[in-house]
Amino acid sequence: MSSILIKAATIVNEGRQFVADVLVKDGLIERIDNNIDAHADEVINAEGLHLLPGAIDDQVHFREPGLTQKANIYTEARAAVAGGITSFMEMPNTVPNTLTQQLLQDKYDIAAQNSLANYSFYMGASNDNIDEVLRTDARNVCGVKVFMGSSTGNMLVDNPKTLENLFSKSPMLIATHCEDEQTIKNNLTHYKELLGDDITVDYHPKIRNTEACYLSSSMAVELAKKHGARLHILHISTAKETELFDNTIPLKDKKITAEACVHHLWFSDADYATKGNLIKWNPAVKSAADRDGILKAVLDGRIDVLATDHAPHTMEEKAQAYLQAPSGGPLVQHALPALLAMHQQGKMSLEQIVEKTAHNVAICFQVEKRGFVREGYWADLVLADLNKPWEVTKQNTLYKCGWSPFEGTTFPASITHTIVSGNLIYQNGNFNETIKGKRLIFER
């Protein structure tokens, strides 16, 4: 493997910033020091640049297999690397749903051939595959995904006995999508009676409302506490839900953790007027008060990690009427630049961004030797220029779906280099596609 010497970078790591050199050899960070004088195959002058541990995105939908008209592992991992995400954990609602060990292995085989980023895949849970779930190897798989609400295919888990089984028996992290199905159905019926089929997207947060989210999240927390399960609640979208989480104990000791997504920190229901279905997500983007409440919980440690819930659809699908348009949008290329913009708006520090996108994800999932700039760890590293603004356009958007909800936005900071498992994969718009990412391993 090649060696890389990064000179004079401002390293952001473990709560501090300092200028140093970093020597990468055989995939690992060999040395962090002042003025390293060593031979390297590649030397990067990083003076004026910030060096961050690569982001680990714990929630993406890369659509392969079965939905590859929207995206695939190659295209979306490539976009992720350009956005400073060096590792991802992908969800099981592909086609067919990832409900058996063989289907899970099939996705790992695809990623080994095609992914420029490091990768892991969730095992999916349904009402009738508990035996398959329990066969999952906790050291090689990030977690079990449970849709406790509306979902794709056979993946809505609403049988109380199944939930009790999962929470009492799962040997590994259970990641949940929490929205109460019956509440959503009741709300939809109510608005259809009022408006017929002419419901517009601004009703989305009224249909998928705070009550639907809190009812399901609070039930998941109760189940986890009852059984001592390791629970991770995904994409918190309401201020009320943040009351369910604790910031009084260290993350490594928490049994119940939470994630927030970049779109719930950036957009509010006021943006439906201009963005329409492009910001139709499940759970819904809600009020500015919810957005502010989520940010507060991120900063005070009740919410532990930040992610994307990257979930692309074609523009043709999004152009349909509200009731027909699918929920979800692409984010991996733009999530870290959006967070860096929030830093420059004074909303969070660089140290907090690194903590929530890298350190805490590694701790939360017990990822082996990743998520930190440390000697002996895998070199998953990102260089960012905080003084290099760029506008998001269709032309520079790398997702297979070809669009972004951030089009027209100018971000003040750019990702200039991305190193994945010790290999320089992205540099100023150019990719090295000859080397693929590695499978994540977990210390469990």
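The values are calculated or read from the model by the stated rules, or taken from the named source; none is laboratory data. These figures come from a predicted structure and were not determined experimentally. Ideal geometry is used to build each Cβ from the backbone, glycine not excepted, and the neighbour counts take in all protein chains shown. All accessible areas refer to the heavy atoms of the entire protein, side chains included, with ligands and DNA or RNA removed. Shrake-Rupley method; radii C 1.70, N 1.55, O 1.52, S 1.80 Å.
Computed from point charges on the beta carbon alone (+1 for Lys and Arg, -1 for Asp and Glu), the dipole magnitude for the chain about its Cα centre is near 320 Debye. Take every pair of alpha-carbon atoms less than 8 Å apart whose residues are at least six positions apart; their mean separation over the length of region 117-245 yields a relative contact order of 24 percent.
Accessible area per residue for the chain, computed on protein heavy atoms with a 1.4 Å probe, is 37 Å². The Cβ shell under 15 Å around Phe18 holds other residues with a net charge of -2, Lys and Arg each +1, Asp and Glu each -1. Pairwise Cα distances in the chain exceed 34 Å for 27 percent of all pairs.
Remark: for residue pairs Lys70/Lys394; Lys206/Lys240; Lys107/Lys436; Lys25/Lys438; Lys275/Lys347; Lys252/Lys369, the C-alpha separation exceeds 21 Å in Lys275/Lys347.
Mean separation of Cα pairs under 8 Å and 6 or more residues apart, divided by the residue count, gives the chain a relative contact order of 21 percent. Computed over the Cα atoms of region 314-444, pair by distinct pair, the Kirkwood hydrodynamic radius stands at 16.8 angstrom. Across Met315, Met148, the residue with the most accessible area heads the list, and the full order at a 1.4 Å probe is Met315, Met148. Seen against the Cα atoms of the chain and their longest principal axis, helix 181-195 is set at about 70 degrees. For region 1-85, a crude dipole built from +1 on the beta carbon of Lys and Arg and -1 on the beta carbon of Asp and Glu, taken about the Cα centre, is about 300 debye to the nearest 20.
Per residue, the average separation of C-alpha pairs within less than 8 Å and at least 6 apart gives region 57-205 a relative contact order of 18 percent. In the chain, the longest principal axis of the Cα atoms and the axis of helix 160-169 are about 30 degrees apart.
A protection proxy built from the mean count of other Cβ atoms within 10 Å ranks the segments 381-387, 294-300, 80-86, 157-163, most packed first, as 80-86, 381-387, 294-300, 157-163. For region 72-112, the share of accessible area belonging to carbon and sulfur comes to 59 percent (1.4 Å probe, ligands and nucleic acids excluded).
What residue among Gln324, Gln105, Gln344 shows peak mean-square fluctuation when the chain is described by a Gaussian network model with Cα springs under 10 Å? Its mean-square fluctuation being the largest, the pick is Gln324. Here the Debye sum runs over all C-alpha atoms of region 378-444 as equal scatterers in vacuum, and log10 of I(q)/I(0) at q = 0.17 Å⁻¹ comes out as -0.78. With axes computed from alpha carbons, what is the tilt in degrees of helix 288-300 against the longest principal axis of the chain, rounded to the nearest 10 within 0 to 90? Here the helix axis deviates by roughly 50 degrees. In square nanometres and to one decimal, what's the mean projected area of the convex hull around the Cα atoms of region 241-374? Result: a mean projected hull area of 9.3 nm². State log₁₀ I(q)/I(0) for region 1-94 at q = 0.11, 0.21 Å⁻¹ as given by the Debye formula over alpha-carbon point scatterers of equal weight, solvent excluded. Relative scattering, expressed as log10 I(q)/I(0), comes to -0.45, -1.00. Of the beta bridges in the chain, as assigned by DSSP with both residues counted there, near 50 percent are antiparallel. Over all other residues within a Cβ to Cβ distance under 10 Å of Met172, the charged ones net out to +2, with Lys and Arg as +1 and Asp and Glu as -1.
Using a cut-off of 13 Å between beta-carbons, work out the net charge of the residues near Asn187 (Lys and Arg +1, Asp and Glu -1, Asn187 not included). Result for the local shell: -1. For region 113-190, a simple Cβ point-charge model (Lys and Arg +1, Asp and Glu -1, everything else neutral) yields a dipole of about 200 debye relative to the Cα centre. Size of region 151-246: Rg and Dmax of its alpha carbons, in Å, are 15.1, 47.
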